[in-house]
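S.K.: I have a structure I would like to understand better, so I am pasting it below and will then ask my questions one at a time.
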2 protein chains.
Amino acid sequence: VVAIKGDDSGPPILGKDKTPLTLAMMERFKSTWCKTEPFTQLIKEKGCISRKVLNRFCYGQCNSFYIPKTLRRRTKRKVFKSCGFCRPKRTNTIIVTLKCPGRKKGFKQKKVRQVKECQCQER
Amino acid sequence: VVAIKGDDSGPPILGKDKTPLTLAMMERFKSTWCKTEPFTQLIKEKGCISRKVLNRFCYGQCNSFYIPKTLRRRTKRKVFKSCGFCRPKRTNTIIVTLKCPGRKKGFKQKKVRQVKECQCQER
């Protein structure tokens with residue numbers, strides 16, 4: 001059983017007191033990673049000729065924690081928690097024009113959200 | 001640039017087609033971890049004598065991903081995403097009785113949510 005200093009006055013693991021456990025957690029937390037990987041996305045629409053566009057997806061392992069706290073009237077929060085999500089940090093919206101021989105107008109424009117860069121972020 | 005099979009018909013990385021990238025992702029995803037760590041929680045209340053109870057907190061690194069998809073009318077979802085959260089899988093509510101010399105009643109009962117076990121879970 002480990003007594004965590006700062007349990008009452010603030011977030012235990014981010015407090016000023018660096019207990020061995022806190023340090024061990026911080027050490028392990030360093031190995032977090034979130035990759036930005038390119039892939040070819042097929043843009044399809046009925047009656048139109050499909051087109052390929054470059055896009056990117058994110059995958060990785062981010063930090064998360066959940067620490068119970070006694071209810072304090074001021075904050076009302078019973079837990080101190082955080083969950084990292086490997087998701088886009090920067091995106092771009094591009095317009096893709098598809099040729100549509102099967103349609104009156106002859107073409108169709110589609111909005112595609114293009115991922116530029118991924119990062120572990122608080123959800 | 002890596003073309004992901006199954007991009008159109010379903011989730012690319014969980015599809016039947018095991019591309020080298022899919023396998024690499026699955027391999028890296030195996031190293032996910034979520035620890036259950038005991039700590040002493042101080043239960044406080046104004047006018048009462050504080051008591052210590054055993055509790056547990058969770059911390060770790062869980063898988064998350066974010067994959068853009070073309071809008072399909074049936075599902076309406078533009079992304080295929082998932083975020084794992086290292087949080088309690090099993091909890092218990094315990095009643096802690098505090099002695100309160102400064103109060104009329106002489107005691108105060110407090111509910112405390114006790115964490116039993118942590119696990120990476122979909123948020």
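S.K.: Beta carbons within 10 angstrom, averaged per residue: use that to sort the peptides A:48-61, A:87-100, A:110-123, highest first. Could you put the intermediate results ahead of the total?
M.R.: Values: A:48-61: 19.6, A:87-100: 14.4, A:110-123: 16.1.
In descending order of packing, they fall as A:48-61, A:110-123, A:87-100.
S.K.: If amide hydrogens are placed 1.01 Å from N in the peptide plane, which non-local residues have theirs closer than 5 Å to the one on B:Lys69?
M.R.: For B:Lys69, the qualifying residues are B:Val79, B:Phe80.
S.K.: Going down the list A:Lys69/A:Lys116; A:Lys81/B:Lys110; A:Lys44/B:Lys30; B:Lys35/B:Lys78; B:Lys35/B:Lys108, which pairs span over 29 Å between their C-alpha atoms? Numbers along the way, then the final one.
M.R.: Working: A:Lys69/A:Lys116 38 Å; A:Lys81/B:Lys110 21 Å; A:Lys44/B:Lys30 34 Å; B:Lys35/B:Lys78 33 Å; B:Lys35/B:Lys108 33 Å.
Result: A:Lys69/A:Lys116; A:Lys44/B:Lys30; B:Lys35/B:Lys78; B:Lys35/B:Lys108 exceed 29 Å.
S.K.: Would you calculate the separation in nanometres between label points at A:Lys105 and B:Lys105, each defined as 7 Å from the Cα along the Cα-to-beta-carbon direction?
M.R.: For the pair A:Lys105/B:Lys105, the computed spacing is 6.7 nm.
S.K.: Using a 10 Å cut-off on Cβ to Cβ distances, tally the other chain neighbours for every residue of A:112-119 and report the average as a whole number. List each step's numbers first, then the result.
M.R.: Working: counts 5, 5, 1, 4, 0, 0, 3, 0.
What the average comes to for A:112-119 is 2.
S.K.: Near A:Lys116, within a Cβ-to-Cβ distance under 13 Å, what is the net charge of the other residues, with Lys and Arg +1 and Asp and Glu -1? Show your work: numbers first, answer last.
M.R.: Working: positive: A:Arg56, A:Arg87, A:Lys89, A:Arg90, A:Arg113; negative: A:Glu37, A:Glu117.
With Lys, Arg at +1 and Asp, Glu at -1, the net is +3.
S.K.: Give me the inter-chain shielding for B:95-107: mean count of other chain Cβ atoms within 10 Å, whole number please.
M.R.: Details: counts 0, 1, 0, 0, 0, 0, 0, 0, 0, 0, 0, 0, 0.
Rounded to a whole number, the mean comes out at 0.
S.K.: Search the structure for amide H atoms under 5 Å from the amide H of B:Thr91, placed 1.01 Å from N in the peptide plane, and list their residues when 5 or more places away or on another chain.
M.R.: Under 5 Å from the amide H of B:Thr91 lie the amide H atoms of B:Lys116, each far enough along the sequence or on another chain.
S.K.: Next up: Give me the inter-chain shielding for A:50-61: mean count of other chain Cβ atoms within 10 Å, whole number please.
M.R.: 6
S.K.: Under a plain spin-label model, where a point goes 7 Å from the Cα along Cα-to-Cβ, how far apart in nm are A:Glu122 and A:Val79?
M.R.: Placing both labels 7 Å along Cα→Cβ, they lie 1.6 nm apart.
All of the numbers you see were taken from the coordinates with simple rules; none came from a lab. For clarity, every value in this text was computed on a predicted model and none was experimentally measured. FYI the Cβ positions are ideal-geometry reconstructions off the backbone, even for glycines, and counts take in every protein chain you see.
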